[in-house]
Ligand SMILES: Cc1cc2nc3c(=O)[nH]c(=O)nc-3n(C[C@H](O)[C@H](O)[C@H](O)COP(=O)(O)OP(=O)(O)OC[C@H]3O[C@@H](n4cnc5c(N)ncnc54)[C@H](O)[C@@H]3O)c2cc1C
Ligand code: SF4
């Protein structure tokens with residue numbers, strides 16, 4: 001041990017990566033309770049001691065929101081959980097969420113120096129540990145609020161981008177209203193990612209703490225229908241708008257049989273189960289409980305869909321993916337968990353037709369075997385069909401989880417918002433759209449991406465919106481001689 005009471009690097013190197021305790025696979029494949037149970041304090045401290053406190057902090061460069069990872073991890077190692085929470089919450093408003101769903105193996109952990117000679121520090125597990133500790137021991141956000149500016153800001157969509165921006169803007173003293181089309185706030189965190197991966201109580205608490213600092217959330221309001229962006233700015237007195245409405249419009253494969261009864265988009269299937277709690281006996285919204293389900297795709301959405309089908313009783317619940325396992329974009333932990341829960345992986349398989357019975361119900365999926373060829377534009381090996389390899393998988397439900405795209409509702413009603421060829425909003429370096437005072441971030445700009453990237457956009461855009469509003473106010477004051485927020489509401493209409 002070194003003089004300061006800390007372990008020497010060689011001692012730290014001897015500590016093995018700690019495992020995350022998880023609910024038994026047999027039990028959890030029949031219920032929606034959270035799979036991972038969280039690290040106990042002593043185990044978290046032991047894991048944190050593995051950090052070498054590197055000077056060049058490679059792990060931080062891999063984090064889209066630049067969390068000061070060694071600073072919070074070393075505090076955990078010392079048992080200073082309050083200090084760790086201070087550091088973490090300063091960089092990341094929603095660590096309980098990112099600690100659970102971030103693809104750490106592709107971000108911070110892949111760059112951790114310890115990965116070179118073994119396993120990386122379990123940064124994600126430690127982030128979750130600190131977030132849960134803070135949620136239990138600290139009362140909501142410890143936010144210092146700036147004095148009111150008099151500016152009104154509207155946010156469209158309450159996913160991770162919208163919620164993060166809302167919190168940041170409220171802390172800067174602006175009056176923030178979030179408009180959400182669904183009856184509950186949270187975006188994909190609530191309607192897409194299942195309870196067994198991200199308990200909704202965590203999202204609810206985050207929303208409550210935003211409300212506690214003055215953020216107003218209006219659900220059941222569809223921007224583009226209830227109000228247009230122009231209505232918000234011209235009639236409702238908002239001086240700036242942040243569009244964070246995600247990219248939730250499902251994409252289908254376009255194969256025969258997609259109109260059969262028993263075919264869902266992953267979006268619809270997961271929304272029915274997660275948001276409408278279709279698995280509860282008294283739920284108003286039904287979902288088909290497949291005897292044999294097939295889910296098509298290889299990402300997190302597909303993994304959530306097939307594990308949900310398994311929990312609703314499907315046996316087998318089969319995942320069909322046209323490439324090989326190595327190319328699956330889903331988080332590695334979810335793939336392991338799915339496997340433990342008995343999900344069948346049908347790799348290198350391309351669905352070519354959904355087969356129906358005489359009454360129009362799904363009875364099977366016709367597929368073709370694939371082999372890997374030359375790399376395509378994405379750099380991944382291109383799947384090539386093997387002639388004569390067609391076969392059928394019997395099933396009564398098919399869920400397509402092959403991607404989503406932008407919903408055109410909002411842009412159709414605001415034609416001065418520039419979109420790219422895929423329908424996503426075009427923004428400048430400050431995340432401002434082609435319309436003055438209207439900013440955007442998250443999936444509606446990036447296309448389907450990740451929670452942490454959406455949160456990063458929310459945080460960065462809040463800073464540029466704050467600057468935009470204050471600069472506008474200064475120009476206004478320069479012209480009219482007025483001072484203070486009360487004279488400012490006309491800024492957005494200039
Ligand atoms: C099933 C599933 C699993 C995923 N798993 C992971 C994971 O494990 N890890 C990870 O990092 N990422 C994951 N992702 C991706 C991640 O959830 C998204 O990248 C992220 O949620 C995008 O955030 P956002 O705030 O841009 O949009 P969203 O979360 O999509 O939120 C947009 C919100 O805007 C609302 N809205 C839409 N249109 C309007 C309108 N006109 N008016 C008002 N409100 C509107 C929507 O109802 C929604 O609530 C997953 C995605 C899905 C679908
Ligand atoms: S790279 Fe790994 S060992 Fe180094 S500071 Fe980051 S978490 Fe610690």
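A few remarks follow.
- Among the criteria (1) surrounded by 17 or more Cβ atoms within 10 Å (Cβ to Cβ); (2) at pLDDT 95 or above; (3) in a loop (DSSP other than H, G, I, E, B), the one residue 307 does not fulfil is (3).
- Helices (runs of 4 or more DSSP H) completely within segment 102-220 that count 2 or more residues being away from ligand 1 (no atom under 12 Å from the Cβ) and under 30 Å from residue 49 (Cα atoms): 108-111, 123-137, 200-212
- If you go through segment 278-295 and pick out every residue that is crowded, with 17+ Cβ neighbours inside 10 Å and out of contact with any helix residue (DSSP H, G or I) (no Cβ under 7 Å at 6 or more places or on another chain), you end up with 3.
- Here is the figure for segment 211-222: residues that are closer than 24 Å to residue 173 by Cβ and touching a helix residue (DSSP H, G or I) at 6+ places or on another chain (Cβ under 8 Å) total 4.
- The condition (being within 10 Å of ligand 1 (Cβ to nearest atom), in contact (Cβ under 8 Å) with a residue 12 or more places away in the chain and closer than 26 Å to residue 426 by Cβ) is satisfied by just one residue among 302, 247: 247.
- Selected residue [in a helix (DSSP H, G or I) and not assigned by TED's automatic domain parsing to the domain that holds residue 328] from 65, 73: 73
- So residue 432, is it outside the structural domain of residue 106 (by TED's automatic domain parsing) and more than 19 Å from residue 92 (Cα to Cα): yes
- Scanning segment 24-45 for residues that are without any contact (Cβ under 8 Å) to a residue 60 or more places away in the chain, farther than 18 Å from residue 99 by Cα and either part of a loop (DSSP other than H, G, I, E, B) or within 14 Å of ligand 2 (Cβ to nearest atom) (or both) gives a single hit, 24.
- Lone qualifier among 109, 47 - being at pLDDT 95 or above, surrounded by 14 or more Cβ atoms within 10 Å (Cβ to Cβ) and within 30 Å of residue 462 (Cβ to Cβ): 109
- Conditions (1) touching a residue at least 60 places away in the same chain (Cβ under 8 Å); (2) farther than 30 Å from residue 306 by Cβ: number failed by residue 73: (1)
- When residue 288 is tested against the conditions (1) out of contact with any strand residue (DSSP E or B) (no Cβ under 8 Å at 6 or more places or on another chain); (2) away from ligand 1 (no atom under 16 Å from the Cβ); (3) in a loop (DSSP other than H, G, I, E, B), the lone failure is (1).
The values are calculated or read from the model by the stated rules, or taken from the named source; none is laboratory data. Everything quoted here is computed from the prediction, not taken from an experiment. We place every Cβ from the backbone using ideal geometry, glycine too, and count neighbours over all the protein chains shown.
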